[in-house]
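Below is one structure, written out as structure tokens, with a few remarks after it.
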Amino acid sequence: MELPLGQCHDSRSWDDDSDPESETDPDAQAEAYVARVLSPPKSGLAFPRPSQLSTPAVSPSASEPRAASKVSAVSEPGLLSLPPELLLEICSYLDARLVLHVLSRVCHALRDLVYDRVTWRLRALHRVRAPYPVVEEKNFDWLAACIALEEHLSRWAEDGRRAEYFCLANGHLAAIDSVLLLQGGSLCLSGSRDRTVNLWDLRQLGTEPSQVLVKTLGTKRNSTHEGWVWSLAAQDHRVCSGSWDSTVKLWDLAADGQQFGEIKTSSAVLCLSYLSDVLVTGTYDKKVAIYDPRASPALLKCQQLHSRPVLALMADDQHIISGSEDRTLVVVDRRANRVLQRLQLDSYLLCMSYQEPQLWAGDNHGLLHVFVNRNGCLQLVRSFDVGHSFPITGIQYSVGALYTTSTDKSIRVHVPTDPPRTICTRKYDSTLNRVCAEGNLVVAGSGDVSLEVWRLPA
């Protein structure tokens, strides 16, 4: 799939706005949206599966640089008299954390070997046996990456047989479209088409269901919003929920989940990003808006950046990136208050996962795309077919793990190599809408009203 790089110097301000759309029934609007956006591609219009868009990274081979020989020469035979390559082979049978925290304290020679960057690069590539990472940045932390990869591979070994599975079906009356893990995976929020946001205590998994479900947020009986809850975001102990009722509600979990603010938007809220100083919304009426949530949420900026609904967005200290049903990806400079880039794509992006400078996104054709952010200009570096036949509805990427969910009723667990290697697939009877992973917990929202939870070995 050949995609243009887009314009990287669009100097237009984005403070201007457009007239609000006329009021519509939120439930009818939501149902029409789901039927249009989340449906698989029509027959006869199948999107071509991607060929590789760029030259893959070099896989580990004989040309791989050797770890520098820093082991001191010894006069008598012993462990330290072995070549560095053999020492690394011996260490490969030991846990990475043990190598880092124990062997490094044995002697200066082993410490030098353990803290050699090439040591961990060789070890990581030996583990995954594929080009990794997809994009290697300068000063890439190979030690942290290797530990994360080994932990992920160990937890999902043997097709995930060690993972405990829980189906929490007693909290909602309709499909769950948004999930969010908090406090290292101890707590979970779920937003549903039954208009509620539920708080779950995942430390109680395996006990009575009534102990796992803590409460439903809000003071109204059996209702958090007046429309489907479609998006969730958090900043420390404060969380927000976006709904088809055209509101964003803010909740303080440190105050027993009490509501401390509400934002009335011009249309249904489809995506959110919550930072310490701003709350960013993407709405059905094609707009991206920035609010200050710290004191009586105030609108700071708003503009119609797209010609169709905004489906996914992310924000950091410098940029806001939004994807739309109009098949564009727009980058905004928060500080300079201007559009930096507008990328025209061949599909629309339904979900994003950002770990600077990489943006991983899933589209409506079931494909995965990797972009790299270079000073506010996104460049598409790779596109992958990871096995989903219908739209990808959820994605979670980290340096050592990759999770995807889809309307094809599956969740797939991958290693983020080039291309990603799928190590576990779970099929269900209904659509899986979102995925979130934190600590040793993975959760996904289901179309059959249940919260799907996997507890991995610690």
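The values are calculated or read from the model by the stated rules, or taken from the named source; none is laboratory data. Computed from a predicted structure; not experimentally measured. When we count neighbours, we look across all protein chains shown, and the Cβ atoms used for this are built from the backbone with ideal geometry, even at glycine. Each accessible area value is taken on the protein alone, full model and side chains, heavy atoms only, with ligands, DNA and RNA left out. Shrake-Rupley method; radii C 1.70, N 1.55, O 1.52, S 1.80 Å.
I'm trying to understand the selection: among the residues of region 101-126, which are part of a helix (DSSP H, G or I) and surrounded by 19 or more Cβ atoms within 10 Å (Cβ to Cβ)? Across region 101-126, the qualifying residues are LEU110, LEU113, VAL114, THR119, TRP120, ARG121, LEU122, ARG123, ALA124, LEU125. Looking at region 204-217, is at least one residue of a type outside the set (Lys, Arg), crowded, with 20+ Cβ neighbours inside 10 Å and touching a Cys at 6+ places or on another chain (Cβ under 6 Å)? No, region 204-217 contains no residue that is of a type outside the set (Lys, Arg), crowded, with 20+ Cβ neighbours inside 10 Å and touching a Cys at 6+ places or on another chain (Cβ under 6 Å). Strands (runs of 3 or more DSSP E) fully within region 372-425 that include at least 1 residues being modelled with pLDDT under 95: 377-385. Exactly one condition in (1) touching a residue at least 12 places away in the same chain (Cβ under 8 Å); (2) on the phi > 0 side of the Ramachandran plot; (3) assigned to a helix (DSSP H, G or I) is false for ARG195; which is it? (3) is the only condition that ARG195 fails. Among the residues of region 60-83, the ones that are modelled with pLDDT under 80 and more than 21 Å from VAL128 (Cα to Cα) come to 13 in all. The set of residues in region 127-148 being within 18 Å of GLU356 (Cα to Cα), surrounded by 18 or more Cβ atoms within 10 Å (Cβ to Cβ) and touching a strand residue (DSSP E or B) at 6+ places or on another chain (Cβ under 9 Å) consists of TYR132, PRO133, VAL134.
For region 329-343, the criterion of a residue being more than 29 Å from PHE140 (Cα to Cα), at pLDDT 95 or above and either open to solvent by 20 Å² or more (accessible area, probe 1.4 Å) or outside the structural domain of VAL239 (by the TED database) (or both) is satisfied by no position.
Annotation: of all residues in region 134-176 being among the aromatic types (Phe, Trp, Tyr) and in a loop (DSSP other than H, G, I, E, B), the one that is modelled with the highest pLDDT is TRP156. The residues of region 255-295 that are open to solvent by 60 Å² or more (accessible area, probe 1.4 Å) and under 22 Å from VAL229 (Cα atoms), listed by number, are ASP256, GLN258, GLN259, PHE260, GLU262, LYS264. Remark: pairs (first residue in region 245-260, more than 21 Å from ASP201 (Cα to Cα) and at pLDDT below 95; second residue open to solvent by less than 40 Å² (accessible area, probe 1.4 Å) and aliphatic (A, V, I, L, M); Cβ separation under 7 Å; 6+ apart in sequence or on different chains) = PHE260/LEU250. Looking across region 198-239 at every residue that is in contact (Cβ under 8 Å) with a residue 60 or more places away in the chain and out of contact with any Gly (no Cβ under 9 Å at 6 or more places or on another chain), the one that is nearest to ALA312 (Cα to Cα) is identified as GLY227. Checked across region 271-288, the condition of being assigned by the TED database to the domain that holds GLU226, acidic (Asp, Glu) and in contact (Cβ under 8 Å) with a residue 40 or more places away in the chain holds for at least one residue. Restricting region 219-254 to residues that are out of contact with any helix residue (DSSP H, G or I) (no Cβ under 9 Å at 6 or more places or on another chain) and open to solvent by 70 Å² or more (accessible area, probe 1.4 Å), which is nearest to TYR354 (Cα to Cα)? Looking at residues that are out of contact with any helix residue (DSSP H, G or I) (no Cβ under 9 Å at 6 or more places or on another chain) and open to solvent by 70 Å² or more (accessible area, probe 1.4 Å), I get ALA254. Residue pairs whose Cβ atoms lie under 7 Å apart, sitting 6 or more positions apart in sequence or on different chains, and linking a residue in region 327-344 that is in contact (Cβ under 8 Å) with a residue 12 or more places away in the chain to a partner that is small (Gly, Ala, Ser) and open to solvent by 10 Å² or more (accessible area, probe 1.4 Å), are ASN337/SER13; ARG338/SER11; ARG338/SER13; GLN341/GLY6; ARG342/GLY6; LEU343/GLY6; GLN344/GLY6. Quick check on CYS436: is it in contact with a Phe, Trp or Tyr (Cβ under 7 Å, 6 or more places away or on another chain) and not in a loop (DSSP other than H, G, I, E, B)? Criteria not met by CYS436.
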